[in-house]
1. Are there trypsin sites (Lys or Arg not before Pro) in the stretch 165-209 that DSSP marks as loop and that have at most 12 other Cβ atoms within 10 Å, and which are they?
2. Relative contact order for the stretch 14-141: what is it in percent, counting Cα pairs under 8 Å that are at least 6 residues apart?
3. Greater than 21 Å separation of Cα atoms is the criterion. Which listed pairs, 218/299; 93/218; 93/184; 396/421; 93/315; 51/184, meet it?
4. So how do 107, 286 line up by other beta-carbon neighbours within 10 Å, fewest first?
5. For the stretch 102-329, max minus min Cα coordinate along each principal axis, in Å, sorted largest first?
6. Where does each of 118, 79 land when they are ranked from fewest to most other beta-carbon atoms within 10 angstrom?
7. Work from the charge dipole of the chain (Cβ charges, +1 for Lys and Arg, -1 for Asp and Glu, about the Cα centre) and give the residue of 372, 71, 123 farthest towards its positive end.
8. Each residue of the stretch 303-320 in order: what ³J(HN,Hα) in whole Hz does its phi give by Karplus 6.51 cos²θ - 1.76 cosθ + 1.60, θ = phi - 60°, with x for Gly and Pro?
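Laboratory data are not the source of any read-out in this text; all were calculated from the coordinates shown. Note that the structure is predicted; figures quoted are calculated from it, not measured. So basically every Cβ, Gly included, is an ideal-geometry build from the backbone, and we count neighbours across all protein chains shown.
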Amino acid sequence: KVYRVTSGIGNGAVIDSAMVVYRVNNGAWQTVGMTAPQAGVDSTYYGTIPKQAAGATVQYFIKVRDKANLTTHLANSATLVQFDTSKGTFFYKSLDRAAQPVLTIRDVQYTPFINGRTPYLGAVDSVGGIVTADTSSLRISALTAAGTNAWYMQSGNQPYGGIWISGPDSVMTKLRNGDSVVVKGNISETNEVTRITNITSARVVATGLPLPAPVVLKTTVFGPGATNGTFAAEQYEGMLVRFDTVVVTDVSPVFDQPTEFEISNGGQAVLVRRDGKHTYSNVPADSAVGMTILRAGNKIASLTGIIFYNNNRYKFVPRSNADFVGVSLTGVRREQAVATAYGLDQNYPNPFNPATTIRYAIPQAGSVTLKVFNVIGQEVATLVNERQERGVYSVKFDASRLASGLYLYRVTAGDFVQVKKMMLVK
C-alpha cells in the first residue's frame, strides 16, 4: 500500500524526513521511511506499508520533520482534528479481495474513532446492500441545501449497516426499494456524512426483497448532545430507525431551516427533515396545497425514517406517509367565542402533570407565536407559529419530556405580548 505526502505539508519549510508510522492489530508502532522526491522531477514522497494477512487491522499516520527539527503529523482525514492522533488515525482492514470482491456497508462505515471518518475515503470500489429509499421515498433533490435525497441502501439492521448513495439518473433511477444491488462509485465524506458518490454502475442482484427492520431507539440518542462521531449516534447513520410514542415538541426549532421540526419520545428531541415524499408539514401555509399540518403537542404512535447528519446535528428523515403511524392531530383549537380584546389566560390545570391547556384571544387576524421557556430564559417549545384569524384559541401543551419546575409561556400577536407562569409537578 503506497501513501504520498507533498512537500507543502511543511508550510514552505524544507523537509528533512518523512515517514509512515503504523501498527497492526494494536501492536507496537513501526515506521517506514518515505522516499525523498527526485529534484526537478516531482515533489511527492512515497512510503509502503508491508502486506498484511487478511483480517488484520492497520492504523497509520504520517510524520514529517523539517530542517529546523520541527515535526508535524497528518493523523486522519477529519476536517478539524487532522493533526491530532488522539482523535484517531488513518486505518484500514486488510482484505482478501479474491474471496471478498464486494465491500460490505460496514466495511465502509465502521470506524473506532470519534472523528467518524470512513477508512476508504477516496477509494473507488463496489459495495452491496438493499435499497431502502428510492425516488418513491425521498425527493430526487433535497428540499433545501441542508437536506438529503434518494437513494439509500442497507444491509441488515446491525450498527454501521446503512449508507447514502448517489449517481447520475441514468444509473440510479432504475433502483427500487427492496432491490439487492451492488454499486460502484467514490467513497466520500460530504459534510461529515459517509457516502458513495459518482456511481458508475449499479447491478441489481435480486428484486422485491423485504427491507431491513428499523432499529427502535429513543430520540435522545440523536439530540443536540450528539456531535459528529458520537458512537451511540454515528453507528446508525444512513440506517432505518423507528421512534415509538412520539410527541411533536417544536415546529420551528431552527431559524434558517423553517421546514425542520422536532420530536421526542423522552429526553432530548431530534430534528426532523422533510425531504421525504409524505404529506405532513410543520408550515401552516402548506395546508393550501393539501398537506397535513403538524403542531406542537401532536402525538405519533410510531415514526420511521433514515438517520442523516448536517449542520452539526443528527437528523431524522421520514420517507412516506407509511412511516407515520397513529398520528393524533390534537393541539391548537379555535373556540366559538368571539375575541374583543387581546388576552392570555392562566393555564389549566396548574400545577399540571404532564399536560395542560393554554387559552388566548386575538381580536384581529395576524401572526401569532406561543412559546414556552424555562426559568433561565431558554426556549423549550414553540406551540404556535402561524397566521391566525380573529378568535379565541386553546392549545394543549404536553410536557412529558420536561423536568418538574417553573416554566413561562408567552404569546405574541402584533404589538401584544403577555407572559404567564405555570408549574410542572411530576
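1. 174
2. Relative contact order for the stretch 14-141 comes out at 19 percent.
3. In this structure, 93/218; 93/315; 51/184 exceed 21 Å between Cα atoms.
4. With the sparsest Cβ surroundings first, the list reads 286, 107.
5. 46, 36, 30
6. The fewest-first ordering by Cβ neighbours comes to 79, 118.
7. Of 372, 71, 123, it is 372.
8. Per-residue couplings from phi come out as 9, 10, x, 10, 7, 10, 9, 6, 6, 6, 9, 6, 9, 10, 10, x, 9, 9 Hz.
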